[in-house]
Structure formats: structure tokens, C-alpha cells
Amino acid sequence: MNRLSLFTLLVLVYLGLSKSFSPSERSTPYLVNEQVFSSFFQGAPLSVILTDRLQTGFLIKTYFLELRLVQGFKLPETILVRTSKGFWEKNKTNLGMSLFRRDEKDGSSSVVAQPPGAIFLGDPSYGNWELAPSGEREWHFYNAYKYFPDYLGWGDYRPTETFTRELKLHLTNAETYYGDQNQFGTTGSVTSKVFKNREYKMIDTDVDFKSHMKKFFKLKTSSSEGAP
């Protein structure tokens, strides 16, 4: 077998292995960008939070986003969607951010990336403001929604009124807001702490390929040695 034939064979095997170990494309919905969120995601109130970015493939790349859906009266749901390279790259700095939200009162929605839980802040249906030792008032959910800080990726952090005012201003101006002290987003202090064990899972198909090729040739060698 000449070098060209061997190279072609290895590429075909590689692509086959990459495909077999990637998330199922057939069962994974494709969302090209944020403009299709409103028609794809149903219900309100709703906050769609980016919890991971993944990619698979060698010659042909496939891009994925892992999203957590937090609604007012349901347990959170995590889904995996395929997306375009452009939208995947666009959200490189948005780990832990809400990429889409819909208000239950008027049905309005927004696709400007904002801190998770923006849709609930200041809504008396879900919580209230309590005075903190710092002298600022912080947002606390009612007992019925006591798990929301975990669902939203807040950890021990509680947004202040100052944080919320600035968030609302940025939202009105259609500008992304990462916090008054850069608490959220990929490099945010709160997000980094909460997601410390959930760094971007860049699926390394090169490692997978080498590992499986080693196993393949090891098995082949063993079989040859054992042959009569």
C-alpha cells in the first residue's frame, strides 16, 4: 500500500471515528443564530442560559451549544443544539449568560446576552429586595423559588439594586452587560467560580483519533501474532 492510499484510508477511518463519537446530529436541532430563538423556545417566563460550547470533527467541523432552560414553574431543562460557526464564535465570552429571555406579562423577548436571571430581577412575583450588611439592597427569591440561584448559576452571589439598574439600562440600549464588577460571562468572577469544573469542553477529536487508532493497530498486531 503506497503512502497516498494509506493516508486516504487513515482519513476515512478518522472521519468515521469522529462521526461515531460526536453528538447525534440527526436528533440535535439546528439553531443558526439568536434570531430563531423566539420561535424555537416556548413558554414564559423563560431564561435560556449558555452552559457550554462544543465542537467536533476534523475536516468538517460541527458546532454545538449546551443550553439550560429556566422557567418560572418548571424544573430546569438542559438541551444540546447545533449552531453555525459564526454564532458559536460570537458566544465565546458568554458562558453562563442568558442568551434569550421572555417576559410572561407582555410576552416581550430579548436576544441580547445578559446576566442569568435578568427576567426575574425586581419582579415581586418571585422575590424582594433585602438590606445586606454592605448597606445595599440585594435580590432574594421567595422560598418557593429558593433553588433559582443554583439554576441560574449565581452561586452565593445576590444581585444588588445598583447591578439591576445598570442591567436594565444596558438591556434598554440593546447592549450586553457582564455586571458592575464583571461578575458574569466567561471571565466573570461569579461564573468562573460556579463553572470551575465546567470549562469549555472543546471535544478533542485528535486525541480520540490517536487513542482509537492505537487500540486499532494494537488489536491488529495481536491478531497477526496469534495467527497460525
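The values are calculated or read from the model by the stated rules, or taken from the named source; none is laboratory data. This one's a predicted model, so the numbers in the text were calculated from it and none came from an experiment. No Cβ is skipped: glycine too gets one built from the backbone with ideal geometry, and neighbour counts run over all protein chains shown.
What to note about this one:
- Residue match in segment 105-120 (condition: outside any loop (DSSP other than H, G, I, E, B) and in contact with a Pro (Cβ under 9 Å, 6 or more places away or on another chain)): no
- Residues located in segment 181-208, provided they are out of contact with any Phe, Trp or Tyr (no Cβ under 8 Å at 6 or more places or on another chain), at pLDDT 50 or above and not polar (S, T, N, Q): LYS193, PHE195, LYS196, ARG198
- Residues in segment 126-146 that are out of contact with any His (no Cβ under 9 Å at 6 or more places or on another chain), surrounded by 12 or more Cβ atoms within 10 Å (Cβ to Cβ) and not aliphatic (A, V, I, L, M): TYR126, GLU136, ARG137, GLU138, TRP139, HIS140, PHE141, TYR142, TYR145.
- Selected residue (only one of GLU175, GLU166, GLU138, GLU130 is of a type in the set (Asp, Glu), touching a Ser or Thr at 6+ places or on another chain (Cβ under 8 Å) and modelled with pLDDT of 95 or more): GLU138
- Any pair with Cβ under 6 angstrom, 6 or more apart, that starts in segment 49-70 at a residue that is touching a residue at least 60 places away in the same chain (Cβ under 8 Å) and over 13 Å from LYS85 (Cβ atoms) and ends at one that is crowded, with 21+ Cβ neighbours inside 10 Å and small (Gly, Ala, Ser): ILE49/SER98; PHE58/SER18; VAL70/SER47
- Among the residues of segment 176-196, those that are touching a Pro at 6+ places or on another chain (Cβ under 9 Å) and assigned to a loop (DSSP other than H, G, I, E, B) comprise TYR177, TYR178, GLY179, GLN183, PHE184, GLY185, GLY188.
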